[in-house]
Amino acid sequence: MPSYTAPTKDQQFVLHEVLNVSNAGIPGYEDLDRDTTGAILEESAKIAEQVMAPLNVVGDQQGCKLENGIVRTPDGFKAAFDEVRAGGWTALDCDPEYGGQGLPYLIATAVGEQFSAANIAFNMYAGLTHGAYSAIHAHGTDAQKATYLPKMVNCDWTGTMNLTEPHCGTDLGLMRTKAVPQDDGTYKISGQKIFISAGDHDLSENVIHLVLAKIPGGPEGIKGVSLFIVPKFIVKDDGSLGDRNSVSVGKIEKKMGINGNSTCVLDYDDATGFLLGDLHKGMRAMFTMMNEARLGVGLQGFAQAEVAYQNAVAYANDRLQGRDVTGIKNPDGPADPLIVHPDIRRNLMDQKSFIEGGRAFIYWGAQMLDQSHRNNDKDINGLVSLLTPVIKGYLSDKGFDYAVAAQQVYGGHGFIEEWGMSQFARDARITMIYEGANGVQALDLVGRKLATDGGKHVMAFFDLVKSFCKENGEDDTLADIVGPLKDASKDLQAAGMYFMQNGMKNPNNALAGSYDFMHMFGLVCLGLMWGRMAKAATQKLAEGTDDAAFYETKLATARYYMARQLPMTGTHLRRIESGGDTVMALAADQF
Ligand SMILES: Cc1cc2nc3c(=O)[nH]c(=O)nc-3n(C[C@H](O)[C@H](O)[C@H](O)COP(=O)(O)OP(=O)(O)OC[C@H]3O[C@@H](n4cnc5c(N)ncnc54)[C@H](O)[C@@H]3O)c2cc1C
């Protein structure tokens with residue numbers, strides 16, 4: 001049975017020694033001293049380790065069931081959900097006006113890392129609710145906010161996001177669900193939505209569906225889409241629950257992972273809906289929270305790698321196979337533990353350097369989101385928007401890859417369900433798909449974000465890397481960090497230049513390289529993070545610390561990343577510079 005231990009020390013290192021949160025100049029951050037964040041993370045760790053993690057395998061094995069129209073979640077989910085709600089864990093960064101705690105999004109992200117690693121499927125019920133909460137908060141009327149938000153903040157009522165239909169997921173302009181206006185100002189919603197996470201269940205009194213639909217006669221395509229609130233139970237004027245709305249669960253999808261989350265087909269049959277935000281501006285309303293939602297999915301993917309890694313390390317120390325080629329390490333035993341072998345080390349170092357770099361990258365992204373909202377900083381908003389597809393796409397791709405790599409440490413046992421390693425890989429897989437499949441993230445990055453505001457934000461990113469390298473170039477202890485970072489950043493710039501020079505001639509030259517570009521961007525971002533972490537560690541060691549081993553480990557991992565991971569930008573660059581011709585050479589019937 002796998003286990004999870006929240007990495008609070010590493011989390012605190014990023015918050016305080018890398019991001020220096022309490023001096024970041026962001027309103028609300030001044031209260032985030034080490035003791036405060038430590039107290040929050042220690043408490044959330046208890047929930048993650050003791051309440052959520054034990055239900056991870058249960059959720060996977062039992063899945064959700066549809067019985068006489070009612071969706072049942074796995075054993076123990078309801079009691080655990082009540083405990084999480086009662087502890088205020090769903091309300092961390094919600095608006096105090098509606099019962100939230102008003103903490104920065106960064107703190108919700110750090111807690112979310114623990115919760116997603118412990119049990120991603122369980123945590124999605126609150127996660128989807130938070131998305132719906134944010135949409136109503138940003139676009140609702142005062143009356144809508146007063147009706148729904150206080151109940152959604154603590155998940156008395158949960159939420160869903162309904163975009164996907166059988167014939168459209170990426171291309172939502174093809175949507176068919178319709179909303180017919182009624183004389184009383186409401187709408188009748190009809191159509192079918194599929195793959196709706198947390199679509200229905202027995203965890204809350206009401207489910208507030210946010211549904212995209214088209215009003216007949218409105219503009220064609222994506223411009224004719226509006227957003228509606230469609231509650232499972234209509235809320236009466238006094239706030240109590242009234243009639244059951246005509247939305248029903250057609251089925252629960254059987255799927256590869258996240259089985260503890262109810263992924264539903266929802267049938268709307270003249271259901272009563274209430275317009276949320278402006279008419280025909282549904283996509284804009286749905287995507288207001290896109291940066292947060294995508295960062296959240298990157299976090300989920302990365303978190304699966306983290307929990308898988310922890311278990312792989314334990315197994316590598318425990319399992320005895322073969323002998324150390326440089327000399328026996330366990331003379332009293334029949335063999336040495338797996339961890340002596342260089343190839344196992346290579347695998348674990350790949351995982352470790354990704355996980356710690358990825359954590360810093362996501363937290364940095366979350367901090368920038370706070371900065372952009374709380375300081376109304378447009379430049380930072382531009383930078384985090386540029387990096388959002390990288391956070392989502394790169395971290396979820398690699399989160400899956402490293403969950404598989406951790407499985408490999410177990411050999412055949414990794415393939416056997418009893419050991420639990422397959423679940424991490426299966427659960428991580430969805431993060432590459434939903435909230436915009438990763439190929440589409442790469443398109444967004446290259447097709448839209450690079451050129452936004454005349455390329456100002458990508459230049460700002462390169463300036464950050466350049467100034468880091470300049471400031472630290474003279475420091476001998478960081479020489480093997482700064483040099484590779486500089487080289488990788490040059491590769492990334494060269495790829496951007498290639499797109500500028502060749503993408504206009506033929507867009508295939510840019511789009512055939514977009515996936516490589518997203519990955520090389522991710523590599524450089526983690527490179528910058530490792531640079532910052534190495535610098536923090538060097539400073540601490542120079543000051544003197546009684547925890548030198550911790551900081552030396554950071555430096556050694558940074559060096560590994562720079563030597564063994566970051567140079568992969570060169571391969572990506574060569575692939576990009578080979579252009580689109582070889583990619584597009586075959587006719588469709590030649591595949
Ligand atoms: C378990 C699960 C939970 C989900 N939860 C929700 C939810 O809560 N709410 C919701 O609304 N949806 C949800 N989804 C749907 C999910 O967001 C979509 O599956 C996803 O957006 C992709 O859409 P699609 O499946 O229709 O694939 P398609 O749009 O058909 O895409 C198929 C492939 O083609 C690629 N592709 C598409 N267009 C292009 C293009 N122009 N250029 C290059 N490549 C392209 C995509 O990257 C993808 O790899 C969920 C899905 C699953 C499986």
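Here is a yes/no grid of residues against (1) open to solvent by less than 40 Å² (accessible area, probe 1.4 Å); (2) more than 23 Å from the chain's Cα centre (by Cα); (3) closer than 27 Å to residue 404 by Cβ:
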{"position": "285", "(1), (2), (3)": "yes, no, no"}
{"position": "306", "(1), (2), (3)": "yes, no, yes"}
{"position": "327", "(1), (2), (3)": "yes, yes, no"}
{"position": "332", "(1), (2), (3)": "no, yes, no"}
{"position": "365", "(1), (2), (3)": "yes, no, yes"}
{"position": "368", "(1), (2), (3)": "yes, no, no"}
Filter segment 189-207 for residues that are within 19 Å of residue 270 (Cβ to Cβ) and either open to solvent by 60 Å² or more (accessible area, probe 1.4 Å) or assigned to a loop (DSSP other than H, G, I, E, B) (or both); the one that is nearest to the ligand (Cβ to nearest atom) is 199
Every listed condition ((1) assigned to a helix (DSSP H, G or I); (2) at positive phi) holds for residue 46 save (2)
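Name the residues in segment 60-87 that are on the phi > 0 side of the Ramachandran plot and either outside any loop (DSSP other than H, G, I, E, B) or surrounded by 15 or more Cβ atoms within 10 Å (Cβ to Cβ) (or both), would you?
Initial filter on segment 60-87 (on the phi > 0 side of the Ramachandran plot): 63, 68-69, 76.
The answer is 63, 76.
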In segment 227-267, anything open to solvent by less than 20 Å² (accessible area, probe 1.4 Å) and not in a loop (DSSP other than H, G, I, E, B) is listed as 227, 228, 229, 230, 231, 247, 263, 264, 265, 266
Filter segment 547-591 for residues that are open to solvent by less than 70 Å² (accessible area, probe 1.4 Å) and charged (D, E, K, R); the one that is farthest from residue 515 (Cα to Cα) is 547
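Filter segment 208-225 down to the residues that are touching a Ser or Thr at 6+ places or on another chain (Cβ under 8 Å) and assigned to a strand (DSSP E or B) and list them by number.
First pass over segment 208-225, keeping only residues touching a Ser or Thr at 6+ places or on another chain (Cβ under 8 Å): 208-215, 218.
Within segment 208-225, 208, 209, 210, 211, 212, 213, 214 qualify.
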(1) in contact (Cβ under 8 Å) with a residue 60 or more places away in the chain; (2) under 17 Å from residue 309 (Cα atoms); (3) surrounded by fewer than 22 Cβ atoms within 10 Å (Cβ to Cβ) all hold for residue 385 apart from (2)
Here the residues within segment 209-226 that are hydrophobic (A, V, I, L, M, F, W, C), surrounded by fewer than 24 Cβ atoms within 10 Å (Cβ to Cβ) and within 16 Å of the ligand (Cβ to nearest atom) are 222
Log entry, pairs with first residue in segment 487-503 being within 14 Å of residue 519 (Cα to Cα), second being in a helix (DSSP H, G or I) and open to solvent by 30 Å² or more (accessible area, probe 1.4 Å), beta carbons closer than 8 Å, six or more apart or on different chains, reads 489/466; 491/572; 495/572; 495/577
Taking first residues from segment 436-452 that are touching a residue at least 24 places away in the same chain (Cβ under 8 Å) and second residues anywhere that are among the hydroxyl-bearing types (Ser, Thr, Tyr), the pairs with Cβ under 6 Å that are 6 or more apart or on different chains are 440/170; 442/514; 442/515; 443/514; 446/514
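Taking into account only those residues within segment 146-169 that are part of a helix (DSSP H, G or I) and open to solvent by less than 40 Å² (accessible area, probe 1.4 Å), which is nearest to the ligand (Cβ to nearest atom)? Spell out how you get there, then give the answer.
Initial filter on segment 146-169 (part of a helix (DSSP H, G or I)): 146-153.
When the remaining residues are screened for being open to solvent by less than 40 Å² (accessible area, probe 1.4 Å), the result is 148-149, 152-153.
Numbers: 148: 18, 149: 20, 152: 16, 153: 20 Å.
Filtering first and then ranking leaves 152.
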Note on segment 437-470: residues touching a Pro at 6+ places or on another chain (Cβ under 8 Å) and under 25 Å from residue 255 (Cβ atoms) are 441, 442
Per the filter on segment 246-276, residues of a type in the set (Gly, Ala, Ser) and touching a helix residue (DSSP H, G or I) at 6+ places or on another chain (Cβ under 7 Å) are 257, 260
Of those in segment 415-435 that are free of Cβ contacts under 8 Å to residues at least 24 places away in the same chain and assigned to a loop (DSSP other than H, G, I, E, B), the residue nearest to the ligand (Cβ to nearest atom) is 433
Taking segment 436-456 and the residues there that are open to solvent by less than 40 Å² (accessible area, probe 1.4 Å), under 12 Å from residue 390 (Cα atoms) and assigned to a helix (DSSP H, G or I), the one that is farthest from the ligand (Cβ to nearest atom) would be 449
For segment 331-346, pairs from a residue that is part of a helix (DSSP H, G or I) to a residue that is open to solvent by 40 Å² or more (accessible area, probe 1.4 Å), with Cβ under 6 Å and 6 or more apart or across chains, are 338/319; 338/321; 339/317; 340/329
Residue 233: passes all of (1) closer than 11 Å to residue 189 by Cβ; (2) more than 16 Å from the ligand (Cβ to nearest atom); (3) aromatic (Phe, Trp, Tyr) but (1)
* Could you please let me know if residue 243 is modelled with pLDDT of 95 or more, touching a helix residue (DSSP H, G or I) at 6+ places or on another chain (Cβ under 8 Å) and more than 16 Å from the ligand (Cβ to nearest atom)? => no
With respect to residue 273, is the statement that it is open to solvent by less than 10 Å² (accessible area, probe 1.4 Å) and within 30 Å of residue 358 (Cβ to Cβ) true?
-> no
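The values are calculated or read from the model by the stated rules, or taken from the named source; none is laboratory data. Keep in mind it's a predicted model, so treat the numbers as computed, not measured. With ideal geometry, Cβ positions are generated from the backbone for all residues, glycine too; neighbour counts draw on all protein chains shown. Just so you know, the surface numbers come from the protein's heavy atoms only, side chains and all, with ligands and any DNA or RNA stripped out. Shrake-Rupley method; radii C 1.70, N 1.55, O 1.52, S 1.80 Å.
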